[in-house]
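Participant: Got a structure for you, written out below as structure tokens; questions coming shortly.
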Amino acid sequence: MTGKISARHVLTPAGWLRDHAVHFGEDGVITSITADGFDGANAVGTLLPGMANVHTHSFQRAMAGLAERRGPTGSDDFWTWRKVMYRFLDLLDPDDIEAICAQVQMDMALAGYSASAEFHYVHHQPDGTLYADLAETSHRILAASRSSGVGLTHLPVLYTYGGLDKRALKGGQTRFGNDPERFARLYETVAQAAPDMPGDFRLGVAPHSLRAVDRAGLDACLELSSDGPVHIHAAEQVKEIEEVKHHLGKRPVRWLLDEVGLNANWCLIHATHIDDGETDGLARSGAVAGLCPTTEANLGDGIFPAARFMKAGGAIGIGSDSNIRLSVSEELRMLEVSQRLSHLGRTILSDEAIPSNGRYLYERAAAGGAQAIGRNAGAIAQGRFADLVALRDDAPFLDWAEPDQRLDSWIFGFKGNAVSDVWSAGRHIVSEGRHMLGAEIGSRFASTMRKLASAL
Ligand SMILES: [Zn+2]
């Protein structure tokens, strides 16, 4: 399918173009951007590069709201949330995983994400028994992506230990466990399924964290994905920083910088607790900081030093992580307002060249996000995938004459769904605010949720 989309305003690396059309070929790649004017077919208001979601554990969407109760001790934190998550995991079978993932991806598209990276660690049955196909649940994530149409970068997770002392996995963690050798077989099984996927599918790898993977496991991951994305949970919790220092002698990001070496293939998820040296080193490395502002706020993780990092040229992407909320505008707003609260100022993430706070956030997250998930997208330009998001322009706040103002108003002030259309590698998956398979995906998800509600 070739395509042409005309728009009143198109955001390109050269700035805004007025009344232009974006053309793409059968392979979903942009062939040209022309000053054709604005015509009736596939005509939209404001056309933006599609946003990549750099970090999601899609199954967690189904437990959104289940961990918002005070526990018996009154001191609830990430670790008590994780207990709820493990209990919830006991209930999920492969059908549930696929149904939830398809719904989450559909909701992502409606929120303006055109592609996502699934950080996938639920590999086995609840008691740790292997499925007949080692990659059963990965296949379900791929199937969800085929039905939602959202571009997928699949990141099977290597999870070997229950902590830095290399204790064995227990309880809810047994679904995650693999040693590097079995993990390599799982990875190869997923790789063999790639030809059944659209051409924009990518496979990467995710050593879960320095808690769960040792040096040998990290090296095994790097060997499997030598030119693909490598994602890791880096420094989410203060307790985890102390453990890493105790066992490895350095803070986690410092250890990764010094001992492993980071580059543009890497994405560090939740590099929340980093000192100034780590911040500058991470920015220089070319790796992407994968930020998940609404989840990090929900879990009480802390605030990433985004102002210093971005000033140093650091690349960022945004992720919906636990999927407690699914909203591009909300992730960007939370990212900015957390900086305002910590720096006691306004428009912290912006610069002289792009004073619009909304546009600065959006462009940096779109470009860094595409890099993080290994996707040739992130900007509307010839040769990139046609990952495109259109904002309505028929509503107050979204119809300002100045297009930067539209972005600022959407991200900081608009209430409601601003996204009218989404294309992922040229696939038109959202039209007039509706997903093409909405009813089917929605009813499957609803029956999974009814099953879970009766079992909980
Ligand atoms: Zn995560």
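Participant: Only residues that are in a helix (DSSP H, G or I) and buried (at least 24 other Cβ atoms within 10 Å of the Cβ): list them for the range 146-168, please.
Facilitator: Narrowing the range 146-168 to residues in a helix (DSSP H, G or I): 146-148.
Of everything in the range 146-168, just one residue is in a helix (DSSP H, G or I) and buried (at least 24 other Cβ atoms within 10 Å of the Cβ), namely 148.
Participant: Take the range 239-265 and flag every residue that is among the hydrophobic types (A, V, I, L, M, F, W, C) and over 14 Å from residue 209 (Cα atoms). Even if it seems obvious, please write down each step before you answer.
Facilitator: Our first condition is that a residue be among the hydrophobic types (A, V, I, L, M, F, W, C); within the range 239-265, this holds for 241, 244, 248, 253, 255-257, 260, 262, 264.
Selection gives 257, 262, 264.
Participant: Output the qualifying pairs, or none if there are none: Cβ atoms under 9 angstrom, residues six or more apart or on different chains, first residue in the range 12-25 and polar (S, T, N, Q), second residue open to solvent by 40 Å² or more (accessible area, probe 1.4 Å).
Facilitator: 12/33
Participant: Here are some conditions: (1) under 21 Å from residue 236 (Cα atoms); (2) assigned to a strand (DSSP E or B). Residue 47 meets all but one. Which one does it not meet?
Facilitator: Of (1) under 21 Å from residue 236 (Cα atoms); (2) assigned to a strand (DSSP E or B), only one is false for residue 47: (1).
Participant: Can you tell which of 381, 401 is free of Cβ contacts under 8 Å to residues at least 24 places away in the same chain, hydrophobic (A, V, I, L, M, F, W, C) and surrounded by fewer than 19 Cβ atoms within 10 Å (Cβ to Cβ)?
Facilitator: Only one candidate qualifies: 401.
Participant: Look at residue 369 and say whether it is without any contact (Cβ under 8 Å) to a residue 24 or more places away in the chain and among the small types (Gly, Ala, Ser). Step through it out loud before you land on a result.
Facilitator: Numbers: without any contact (Cβ under 8 Å) to a residue 24 or more places away in the chain: no; among the small types (Gly, Ala, Ser): yes.
When the stated conditions are applied, residue 369 does not pass them.
Participant: Considering only residues that are part of a helix (DSSP H, G or I), touching a helix residue (DSSP H, G or I) at 6+ places or on another chain (Cβ under 7 Å) and within 24 Å of residue 33 (Cα to Cα), which ones fall in the range 376-434?
Facilitator: 404, 407, listed by residue number.
Every residue, every condition in (1) open to solvent by less than 20 Å² (accessible area, probe 1.4 Å); (2) more than 17 Å from the chain's Cα centre (by Cα); (3) more than 16 Å from the ligand (Cβ to nearest atom); (4) basic (Lys, Arg), yes or no:
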position	(1), (2), (3), (4)
286	no, yes, yes, no
297	no, no, no, no
353	no, yes, yes, no
362	yes, no, yes, no
375	yes, no, yes, yes
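Participant: Here is a follow-up. On the given criteria, is residue 122 of a type in the set (A, V, I, L, M, F, W, C) and closer than 30 Å to residue 381 by Cα?
Facilitator: So residue 122 fails the test.
Participant: Could you look through the range 8-60, keep only residues that are among the hydrophobic types (A, V, I, L, M, F, W, C), within 16 Å of the ligand (Cβ to nearest atom) and modelled with pLDDT of 95 or more, and pick out the one that is nearest to residue 366 (Cα to Cα)?
Facilitator: Looking at residues that are among the hydrophobic types (A, V, I, L, M, F, W, C), within 16 Å of the ligand (Cβ to nearest atom) and modelled with pLDDT of 95 or more, I get 52.
Participant: For the range 194-201, indicate whether the set of residues that are open to solvent by 60 Å² or more (accessible area, probe 1.4 Å), out of contact with any Cys (no Cβ under 8 Å at 6 or more places or on another chain) and part of a loop (DSSP other than H, G, I, E, B) is non-empty.
Facilitator: Going through the range 194-201, the residues open to solvent by 60 Å² or more (accessible area, probe 1.4 Å) turn out to be 195-196, 199.
With out of contact with any Cys (no Cβ under 8 Å at 6 or more places or on another chain) added as a condition, the list becomes 195-196, 199.
Add one more test, that the residue is part of a loop (DSSP other than H, G, I, E, B), and what stays is 199.
Checked against the condition, which is being open to solvent by 60 Å² or more (accessible area, probe 1.4 Å), out of contact with any Cys (no Cβ under 8 Å at 6 or more places or on another chain) and part of a loop (DSSP other than H, G, I, E, B), the range 194-201 yields at least one hit.
Participant: A further question follows. Going by the conditions given, is residue 269 open to solvent by less than 50 Å² (accessible area, probe 1.4 Å), closer than 13 Å to residue 54 by Cβ and within 15 Å of the ligand (Cβ to nearest atom)?
Facilitator: yes
Participant: Tally up the residues in the range 311-341 that are farther than 21 Å from residue 390 by Cβ, among the polar types (S, T, N, Q) and more than 16 Å from the ligand (Cβ to nearest atom), please.
Facilitator: Looking only at that region, the number is 2.
Participant: Here is a further query. Exactly one condition in (1) among the small types (Gly, Ala, Ser); (2) open to solvent by 10 Å² or more (accessible area, probe 1.4 Å); (3) within 28 Å of residue 25 (Cα to Cα); (4) modelled with pLDDT of 95 or more is not met by residue 438; state its number.
Facilitator: Every condition holds for residue 438 apart from (4).
The values are calculated or read from the model by the stated rules, or taken from the named source; none is laboratory data. Remember, it's a predicted structure, so these values are computed and weren't measured experimentally. Note: ideal-geometry Cβ built from the backbone for every residue, glycine included; neighbour counts use all protein chains shown. What goes into the accessible areas is simple: the full protein's heavy atoms, side chains included, and nothing from ligands, DNA or RNA. Shrake-Rupley method; radii C 1.70, N 1.55, O 1.52, S 1.80 Å.
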